[in-house]
Amino acid sequence: MKVTINLKITILFAAAFLFVCALFVLLGKIQVDSYIANERAKQKEMVEKVVYNLEKSESFSLYNYLTSKSYSLVDNDRILKQIITKGEKVFRVNSSYGAFSSIIYHNQVFLYVEQEQKTYLYQLDASVKLEYLFLFSFIFILVLIVFLYFSVLRSLRPLKVLKNKIKNISAGKMEPLSEYFQVNDEISEISFEFDHAINKIQELVKSRQFFLRMIMHELKTPIGKGRIVCEMIDNQKQKDRLVDIFERLELLIDEFGKIEKVLSKNCQLNLQTYHLSLILEQAQDYLMRDDFYQKVKITYKEDAMIVADLELFSLLIKNLIDNAIKYSDDKSCEVICSSDYIMVRNKGSKFRKTFEYYLKPFAREENTQAEGMGLGLYIINNICNLHGFNICYSYEDGYHSFKILFSRIFN
């Protein structure tokens, strides 16, 4: 189960709420018990005085004396019987003038008097209740806990909005976070710093894109002029050779542009359904090798149809084949097409490091004489991730096998 900050805060405040309730219940019980014990002692002392006064003076009025001590007569027979039957008898004093009993019922103090075959029940008007300050403190603390709980949750609510906006930013949708700047708390500070960082990143991305576009434009200008000059050459063989060179240069520049979009996560896929054979033909064009079929053996178990971006997936296969030829012992490789994967195999020595290491940018085998920057597998892995495909690697019997598993397949 995912333990969120809101859940932790809820558990914390619930524990605090229950603890405060239990504490006040305990303190209340202690106060009630103390009050009852005190009133019992007073009542016993009062009964002794009543007996003494009755013995001393026959004109002594028990009713007047008890009412002066904040007692009142209970005249409801039903309530009287219920209290006498269910109440707790604390003590009983017998005298020649009657019997006096102390009864506790629902945390209230009563005095039961039996005189000359008559019974009277007196209730202490100062009923046993928690003091007003105690009650106020209890209610105030509970209200304060509830208020703080909802206040903290409300303060954390912008974090959810912030998280969603960060997700949108990672998906390429730049949104300002300035609505939190007016709130003077930690979340507004985080939003401000994050917004500042995003602005810096945007500036860097724009400057990089501008720089790359400028370079690509400057490179294409001499290529275009070179193509024009080629038309002036009389020797057809030399003319065709130069045209082919300039076309390859133009393809390389376009490829660099696609790679830049893939690596910067600023690429929108144009997904359509293609046969693997068509993708391999496009990869062959990108590879620009006249000896393609001498170096690459293609086996079709099935010419499956897959959902992919033709240009990017062809670029993936091109890089996979290029790496396989470059690092192969015999400078050749085999491509196997199936219904749910395409695999490229080449003969070579076992990797000295884990496969995950070579998926990182600029990762190359040590002491190798093969040219390259070590971006091949890194680019391949990024294009796979964009398509939702998986790349698997295995090494058996002296052969490296790179398998692309399709997740979007049309039968």
**Message:** For region 71-122, which positions are open to solvent by less than 30 Å² (accessible area, probe 1.4 Å) and aliphatic (A, V, I, L, M)?
**Reply:** VAL74, LEU80, ILE83, ALA99, ILE103, ILE104, VAL109, LEU111, VAL113, LEU121
**Request:** Out of the residues in region 235-272 that are exposed (fewer than 12 other Cβ atoms within 10 Å of the Cβ), at pLDDT 70 or above and not in a helix (DSSP H, G or I), state the one that is farthest from the chain's Cα centre (by Cα).
**Result:** ASN235
**Asked** If only one of ILE30, ILE84, ILE36, ILE11 is touching a residue at least 60 places away in the same chain (Cβ under 8 Å) and either touching a strand residue (DSSP E or B) at 6+ places or on another chain (Cβ under 6 Å) or assigned to a helix (DSSP H, G or I) (or both), which one is it?
**Response** ILE36
**Prompt:** In region 187-209, how many residues are modelled with pLDDT of 70 or more and exposed (fewer than 13 other Cβ atoms within 10 Å of the Cβ)?
**Reply:** 11
**Item:** Search result, residues across region 210-228 that are of a type in the set (A, V, I, L, M, F, W, C) and either under 27 Å from LEU287 (Cβ atoms) or at pLDDT 75 or above (or both)
**Value:** LEU212, ILE215, MET216, LEU219, ILE223, ILE228
**Message:** Give me the residue from region 371-398 that is open to solvent by 50 Å² or more (accessible area, probe 1.4 Å) and either on the phi > 0 side of the Ramachandran plot or at pLDDT 85 or above (or both) and, out of that set, nearest to the chain's Cα centre (by Cα).
**Reply:** ASN390
**Asked** Looking only at residues in region 102-116 that are of a type outside the set (Phe, Trp, Tyr) and under 60 Å from the mean Cα position of the chain (by Cα), which one is modelled with the lowest pLDDT?
**Response** ASN107
**Asked** Would you call LYS350 in a loop (DSSP other than H, G, I, E, B) and touching a residue at least 40 places away in the same chain (Cβ under 8 Å)?
**Response** yes
**Fill in**
The residue that is least open to solvent (accessible area, probe 1.4 Å), considering only those in region 309-355 that are of a type in the set (D, E, K, R) and farther than 18 Å from ILE404 by Cβ, is LYS326
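Go through the residues of region 28-49 one by one and say whether even a single one is of a type in the set (S, T, N, Q), open to solvent by less than 30 Å² (accessible area, probe 1.4 Å) and over 17 Å from ASP125 (Cβ atoms). Steps first, please.
Residues of region 28-49 of a type in the set (S, T, N, Q): 31, 34, 38, 43.
Narrowing the set further to residues that are open to solvent by less than 30 Å² (accessible area, probe 1.4 Å) leaves 43.
Remaining after also requiring over 17 Å from ASP125 (Cβ atoms): none.
No, every residue in region 28-49 fails to be of a type in the set (S, T, N, Q), open to solvent by less than 30 Å² (accessible area, probe 1.4 Å) and over 17 Å from ASP125 (Cβ atoms).
The values are calculated or read from the model by the stated rules, or taken from the named source; none is laboratory data. Values in this document were obtained by computation on a predicted structure and should not be read as measured data. Note that each Cβ is placed from the backbone with ideal geometry, even for glycine, and that neighbours are counted across all protein chains shown. All accessible areas refer to the heavy atoms of the entire protein, side chains included, with ligands and DNA or RNA removed. Shrake-Rupley method; radii C 1.70, N 1.55, O 1.52, S 1.80 Å.
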